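A.B. asks: Supplied in structure tokens, the structure appears directly below.
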Amino acid sequence: MPFYVYAQDQPGVADQLMERCEEHWSYMDRFDDRLILRGPTVSDDGEEHTGSVHVVDLADRAEAERFAREEPFWKAGLYRDLTVVATEVLLSRAPAADVPYTLVTARWPLPAGAPGDTAHDAAARRDLLGAEPDGRLVFVAALVDDEGTGTTGVVAAVRALPDEARELVGPLAERLADGRPATLAAQRWERGGRN
């Protein structure tokens, strides 16, 4: 099952991140065939590393938590916050190099007392993108409960700057949230990896 793993940097750790870069990449190389999306979030000007995003296909939550907590930056105390959420990948295209991207996320609660999402099953969630998804969307995943039945949010990588990316993902998030309140967060993102 794919998991969205996001780690937010501690303030002022840029030099330490650079010192441990090879260790981080070597660790990620062990998961190369299971990484669906990877790369850093960066400041609005694209100059400062602010966090790391990985969508990785793993057996279960325990393995996803282990993946996140054994990552060298986390073990060195360079991250201040960690998010690990099961996902259902709705769209995945290869991101181009040297193009501005934005990572858009939204979270919402499951309906009270509901074991899962009653409005949309997995096939219906994929249909929300339409037959010809916008070419600026390179990755879209519904964040789901651990059983994969109910949506708890969305994450998308968009070939656009934050304001345009929010406008593109907003209607999809509204449909997935099915009336539940959701606020979109947008931050610059770059394709990651050695190449």
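The values are calculated or read from the model by the stated rules, or taken from the named source; none is laboratory data. As the structure is a computational prediction, the values presented were derived from the model and not from experiment. Glycine also receives a Cβ, built like all others from the backbone with ideal geometry; neighbour counts cover every protein chain displayed. Ligands, DNA and RNA are stripped out before the accessible areas are found, and what is left, the full protein with its side chains, is counted by its heavy atoms. Shrake-Rupley method; radii C 1.70, N 1.55, O 1.52, S 1.80 Å.
A.B. asks: Using protein chains only and a probe of 1.4 angstrom, how many square angstrom of LEU172 are accessible, to the nearest 10?
C.D. replies: Around 10 Å² of this residue is reachable by solvent.
A.B. asks: In debye, nearest 20, what is the charge dipole magnitude of the range 1-88 about its Cα centre with +1 on Lys and Arg Cβ and -1 on Asp and Glu Cβ, if you could check?
C.D. replies: Roughly 340 debye for the range 1-88.
A.B. asks: Seen from all sides and averaged, what is the projected area of the convex hull of the Cα atoms in the chain, in nm²?
C.D. replies: In nm², the orientation-averaged hull projection of the chain is 10.7.
A.B. asks: Work out the FRET efficiency for ASP178 and ASP15 from their Cβ-Cβ distance, taking R0 = 41 Å, and round it to the nearest 0.05.
C.D. replies: Efficiency at R0 = 41 Å is approximately 0.35.
A.B. asks: With runs of 4+ DSSP H residues as the only contributors, calculate the mean residue ellipticity of the chain at 222 nm using -39,500 (n - 2.57) per run, divided by the residue total and rounded to the nearest 500.
C.D. replies: Using -39500 (n - 2.57) per qualifying helix, the result is -7000 deg cm²/dmol.
A.B. asks: Give me the Kirkwood hydrodynamic radius of the range 32-112, using the inverse of the mean 1/r over all pairs of distinct Cα atoms, in Å to one decimal.
C.D. replies: Result for the range 32-112, one decimal place: 14.8 Å.
A.B. asks: Ok, one more. Along each of the three principal axes of the Cα atoms of the range 1-77, give the extent in whole Å, ordering the values from largest to smallest.
C.D. replies: 35, 23, 18
A.B. asks: In whole Å, what three semi-axes, largest first, describe the equivalent ellipsoid of the range 130-193 built from its Cα gyration tensor (square root of 5 times each eigenvalue)?
C.D. replies: So the three semi-axes of the range 130-193 are 20, 14, 12 Å.
A.B. asks: What residue among ALA156, LEU172, GLN10 has its Cα farthest toward the positive end of the dipole of the chain, where the charges are +1 on Lys, Arg and -1 on Asp, Glu, each on the Cβ?
C.D. replies: Ranked along the dipole, the leading option is LEU172.
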